[in-house]
Structure formats: C-alpha cells, structure tokens
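I have placed the structure first, in the form of structure tokens, so that the comments after it can refer back to it.
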Ligand code: NAD
C-alpha cells in the first residue's frame, strides 16, 4: 500500500472557538482507511457538552463578534483567501479524502478538492452581493427589505463527500454572515477538520467555523436540539432527515434537508448509445455508487437494452479497483464494513427478487483487504422490486426496460424520491418534454453527474427541500426583514 506523502496522520482534536480541544470526556475513536481496513488515527469524539461549547462559541461570534458586522467585501476576501489555501493544500486534502472516505486519489485531487475550493470562491464573490429590495408598497410609505444572516447554523454532513458537502453549506452560510458548527460524519472527519484550520489561517475569526466530529445519535442530536442554533442544514439519509425535521419543530429551527435518491437515468433508443453507456457507468459507479444523485435505476428502451448492457459491462470491466492512493485506481472501496455488508445484502435481495445479475455481485478481495465490491449490474428488473425502489448507496445498477415514452416517465417518477435524473436522446423535443415531466431537482440531458457552483442542487419529494449551490442556497442562510418608513 502507498503511504500518504502530504497528509498528517497524528491524532485529531475538535475545533472549537479557534482552538483544537480534546472532548470533555476524553473520548476518541479511530477513523479507518476503507481500502486497508486499518485505523488511520484517533479522532476526538464530541458529545453533548462539546457541542454546547461549540454552539456557545458560534453564538458569541455571531452576537458579539466581527463576522456578521464586517464589511461584506472583507468577508468575501477572507473566503477567497480560504479557497486559495485549499488549493495550496490540495495534495494534502486529497490524500485525507482518499484514505478516510475511500476515494481514488485522482478523483479527490481533480474533483472533490478543486470543486470545494471553487465553491468557497464562488460564495466569496456573493458576500458583497446579497441585497434587499425597495418595494412599491403604499404611496405614503417607503418600504424596503433587508437580507440578514439567519444566525448560528448547525451543519450535519454524511461520509460520501465529506469535504464537498460540508463546503456546500460553509460557502453560502459564511458569505451571508452566519457562524457555524459543522458536524462531519464520525466515519470521515479528517478533511473538514483541516479546512477548519485553514479557515483560521485565512483570517476567519475564531468561533465562526467550529468543527465537531462525533456520533449522530449524540453530537448530531445535541446540535439539532440546541436552543442556540438557528438553522440546521442537513445532508444524509431520508430516515435521519425525517427525525431531524421533527426535532427542529421543538424550537422552530429553520431546516433544509438534502436526502436520498433513486435517480433514473433514462436511455431512449435514439440516443448515442456509446455516450449513454459512458454516462450510465459514470452515473452509478462514480464514487463507488455512494452518491446521493447516483443514476441507480437505468431505464432503457427495450430494443437497445441488450446493447446498452454489453457496452456498460465493457466499460465497467475497465474500472481498476485498489489502493485509493494509487493514481491508477478508478473505483474505491465502500466506506465501511457496515456499508459493504449492506450492499452485499441488497445484491442478495435483487437475486431473490428475480433480477438477472449480469456483472459483479461480490466482494473483490483481490483489490485489497478493504471493503471493495465489484461493479454490479442487474438486468431485467422491474420498477416494483426493492432494488429499484430503495437506495443501495453502492456500485449496483438496476436496469429496467421500457416500451414507450409514457411508460418511461411513469417508471422514472415511480419512486418516493426526486433528487436527479438523466435523459439520453438525440431528439431535442423529446429531451425538453422529458426534462419538464421528470420530478427531480436536477435533470441532466446527454450527460450525468455534472455540477457547477452556480447551478442549484436539491430534491423534490422525499429527497428533501431547500437548495444548495447557486444563488438559491443563500435563501437558506438569510432572513428577509421588511422595513416601513412612514412618509405621510
Ligand atoms: P446518515 O443520515 O446516517 O448520517 C448523516 C449525518 O447525520 C452524519 O453526520 C450522522 O452522524 C448524522 N446523524 C445520524 N443520526 C443523527 C441524529 N439522530 N441526529 C442528528 N444527526 C444524526 O447518512 P449517511 O449514512 O452518513 O450518508 C448516506 C446518506 O446520505 C444516503 O442516504 C444519501 O442519499 C444521503 N446523501 C444525500 C445527499 C443529497 O445531497 N441529497 C448527498 C449525499 C448523501
């Protein structure tokens, strides 16, 4: 196995009020490299008391500190400096992401880290452009609106894109003048802890960005219940999101939820089949299928189903699995033993349901001692099967044939989710009509899994609500205040 050349593997502490601190009860837990199944380092685990300290620090930084009061342009400059530091430390951050989350280093270095820096930079630009409006209200009044930061934000983040999904919240929240407590997943705390340090080095004042790894049931729950938190921004599973939404009701916290998906990738017979196969493979196997927007249901017009599957198999066979620090690796391990077991359980379920396993379906022990699953394709599935309805969150494609456009749409929209969808066709009218009819927050036409800081992302239906990225994300971190001046 290749040793990291840039990442610091010493034990990590919580980051509260600008300082690394041990957990109050001294608890630590090892974070594990999923490619080797070996521990990387010990990481302090926040509990209720630590979360309380972090929220108090964020509260002070918001109520009394310079962050929400400083010139917005200066906030923007500090965010730009943070983005520069992230790029300056890109090799280190990419290694942390590779060993902690099981991402191929090539992906982490060329996607996760640069895109994260780009998002911070984008919102650095927004800081000085968050404006209110003058309103044409009653003649005897002058009425305008102000947009003010929502306050202290609790951000709860999953393990599949530990840096990127945290930064999608950090960028707009800090640009708006909020302060934050970020709780990374207990499985993948390293990259966000490092970015918290880089924010301090960039000049973001202590207490503005606190980072408290710890279990969801204690640290995450404490953040959701804390009366000092004004808003929860959550990305994770639908089940946990539902629970968080209930809890937020107790203190009427603002909440935005980015939840799961079972996104359809719809391939019509008139598509460029090679491009569609490439998109279908990237859509489900990118980040070993641990992607909320994974194109996990491949709906294909029956007459080209066999051909598409053959092309997908040929491409999937080329996805080299192995050490995530090896630049040749294209497909990493599942993030944990629990996730490996879950994915193999779904494969067994698919077989029992009668779907035809045409590729993979097993652990890949040759790739290493970690949690590798071979790229897996089920053919001849139906939309009613559990493997077509439930989020597997692994490299398992469920291919479902359809006979006409109406059937394709009914099947595409036939789950409780609505996060993303793909459409492959050469017919421009069909592309637009299908894009309009799909119930999803993002529709990709003749492409899949493409993102930009300016393009909002989020769910319909049980995939959540609120939007990340773009100007839309700023709505979730600002309050609108209406001011009436009597002119009568
Ligand atoms: P998860 O819901 O188990 O955990 C997500 C985060 O919530 C973690 O930090 C966890 O510690 C915390 N948490 C768990 N229980 C909690 C509780 N009771 N109170 C407060 N916090 C709690 O999800 P996961 O397994 O880490 O991530 C995978 C899931 O995330 C998948 O379902 C996936 O679809 C979803 N996801 C969605 C998006 C999106 O943008 N829609 C993006 C990535 C992942």
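The values are calculated or read from the model by the stated rules, or taken from the named source; none is laboratory data. As the structure is a computational prediction, the values presented were derived from the model and not from experiment. Virtual Cβ from ideal backbone geometry, glycine too; neighbours counted across all protein chains shown.
List of remarks:
- Whichever residue in the stretch 232-249 is closer than 23 Å to residue 178 by Cβ and out of contact with any helix residue (DSSP H, G or I) (no Cβ under 7 Å at 6 or more places or on another chain) and, among such residues, is surrounded by the fewest Cβ atoms within 10 Å (Cβ to Cβ): 249
- Among the residues making up the stretch 146-184, those that are part of a loop (DSSP other than H, G, I, E, B) and over 13 Å from residue 130 (Cβ atoms) are 151, 157, 158, 159, 160, 161, 162, 163, 184.
- Selection status of residue 377, within 16 Å of the ligand (Cβ to nearest atom) and either part of a helix (DSSP H, G or I) or surrounded by 19 or more Cβ atoms within 10 Å (Cβ to Cβ) (or both): no
- For residue 440: the one exception among (1) assigned to a helix (DSSP H, G or I); (2) surrounded by 15 or more Cβ atoms within 10 Å (Cβ to Cβ): (1)
- Within the stretch 226-243, the presence of a residue that is more than 22 Å from residue 48 (Cα to Cα) and more than 15 Å from the ligand (Cβ to nearest atom) is excluded.
- Candidates 223, 308, 299 - the one that is assigned to a helix (DSSP H, G or I) and over 22 Å from residue 192 (Cα atoms): 308
- Odd one out for residue 30 among (1) part of a strand (DSSP E or B); (2) crowded, with 18+ Cβ neighbours inside 10 Å: (2)
- Restricting the stretch 191-216 to residues that are outside any strand (DSSP E or B) and within 14 Å of the ligand (Cβ to nearest atom), the residue that is surrounded by the fewest Cβ atoms within 10 Å (Cβ to Cβ): 215
- Unmet requirement for residue 420, which otherwise passes all of (1) out of contact with any helix residue (DSSP H, G or I) (no Cβ under 8 Å at 6 or more places or on another chain); (2) farther than 28 Å from residue 351 by Cα; (3) within 11 Å of the ligand (Cβ to nearest atom): (2)
- The stretch 152-180: number of residues that are more than 15 Å from the chain's Cα centre (by Cα) and either surrounded by fewer than 24 Cβ atoms within 10 Å (Cβ to Cβ) or at pLDDT below 95 (or both): 1
- Boolean, residue 403 is in contact with a helix residue (DSSP H, G or I) (Cβ under 6 Å, 6 or more places away or on another chain), farther than 19 Å from residue 257 by Cα and away from the ligand (no atom under 16 Å from the Cβ): yes
- There is no residue in the stretch 329-336 that is surrounded by fewer than 21 Cβ atoms within 10 Å (Cβ to Cβ), in a helix (DSSP H, G or I), within 16 Å of the ligand (Cβ to nearest atom) and touching a residue at least 24 places away in the same chain (Cβ under 8 Å).
- Of all residues in the stretch 443-478, none satisfies the criterion of being assigned to a helix (DSSP H, G or I) and either touching a strand residue (DSSP E or B) at 6+ places or on another chain (Cβ under 7 Å) or at pLDDT below 95 (or both).
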